[in-house]
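Scroll down for the structure; my scribbles are underneath it.
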Amino acid sequence: MVEVKSIKSGDEYYVGIHLQLPQYPMYMIVSCKVILAQNMYAIDFFDKQDKKTAVILVQYGYGFDSMLYGEVTDMNSIASAYGVRLGMNGKEALKLCEK
């Protein structure tokens, strides 16, 4: 099953993608500027695909809210340049990257 829904964080809207896999449900929150993904991914995977998008990995949890309030565990250099730091939550990181 694939679920796509609108996610509102502050004044911004994002696309939420949920893939219901048998053992590991996967979630992503994306926009044209940023990808917020669970830390089951390697940051290198995203850097090979796109060199212009901020990519932020957060602690694995179930659901979109867990991503927004989960702790940032890794980010690419673009997200870092926006001011994203380890330990902040996903919602704060998204907000920085949308400026």
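The values are calculated or read from the model by the stated rules, or taken from the named source; none is laboratory data. Everything numeric in this text was worked out from a predicted model, so none of it was measured. All Cβ positions, even for glycine, are placed from backbone atoms using ideal geometry, and neighbour counts span all protein chains on display.
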If you take the residues of the stretch 10-24 that are loosely packed, with under 15 Cβ neighbours inside 10 Å and either within 13 Å of Ala37 (Cα to Cα) or of a type in the set (A, V, I, L, M, F, W, C) (or both), which of them is nearest to the chain's Cα centre (by Cα)? Val15
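Each row is one residue, and each column tells you yes or no for (1) hydroxyl-bearing (Ser, Thr, Tyr); (2) modelled with pLDDT under 95; (3) part of a loop (DSSP other than H, G, I, E, B); (4) out of contact with any Pro (no Cβ under 6 Å at 6 or more places or on another chain).
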| site | (1), (2), (3), (4) |
| --- | --- |
| Val15 | no, no, no, yes |
| Pro22 | no, yes, yes, yes |
| Ile29 | no, no, no, yes |
| Cys32 | no, yes, yes, yes |
| Phe46 | no, yes, no, yes |
| Leu57 | no, no, no, yes |
| Gly61 | no, yes, yes, yes |
| Val72 | no, no, no, yes |
Any pair with Cβ under 6 angstrom, 6 or more apart, that starts in the stretch 7-23 at a residue that is free of Cβ contacts under 8 Å to residues at least 60 places away in the same chain and under 13 Å from Tyr62 (Cβ atoms) and ends at one that is part of a strand (DSSP E or B) and of a type in the set (Phe, Trp, Tyr): His18/Tyr27
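Please tell me if Ile43 is in contact with a strand residue (DSSP E or B) (Cβ under 6 Å, 6 or more places away or on another chain), of a type in the set (A, V, I, L, M) and farther than 21 Å from Ser9 by Cα.
Numbers: in contact with a strand residue (DSSP E or B) (Cβ under 6 Å, 6 or more places away or on another chain): yes; of a type in the set (A, V, I, L, M): yes; farther than 21 Å from Ser9 by Cα: yes.
Yes: the conditions hold for Ile43.
Answer yes or no as to whether Lys99 is modelled with pLDDT under 95, out of contact with any Pro (no Cβ under 9 Å at 6 or more places or on another chain), within 15 Å of Tyr14 (Cα to Cα) and not in a helix (DSSP H, G or I).
The answer is yes for Lys99.
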Limited to the stretch 74-96, what total is found for residues that are of a type in the set (A, V, I, L, M, F, W, C), part of a loop (DSSP other than H, G, I, E, B) and closer than 20 Å to Asp11 by Cα? 2
Kindly indicate whether any position in the stretch 1-13 is out of contact with any helix residue (DSSP H, G or I) (no Cβ under 9 Å at 6 or more places or on another chain) and in a helix (DSSP H, G or I). no
Looking at (1) over 16 Å from Val84 (Cβ atoms); (2) surrounded by fewer than 17 Cβ atoms within 10 Å (Cβ to Cβ), which is the one condition that is false for Tyr27? (2)
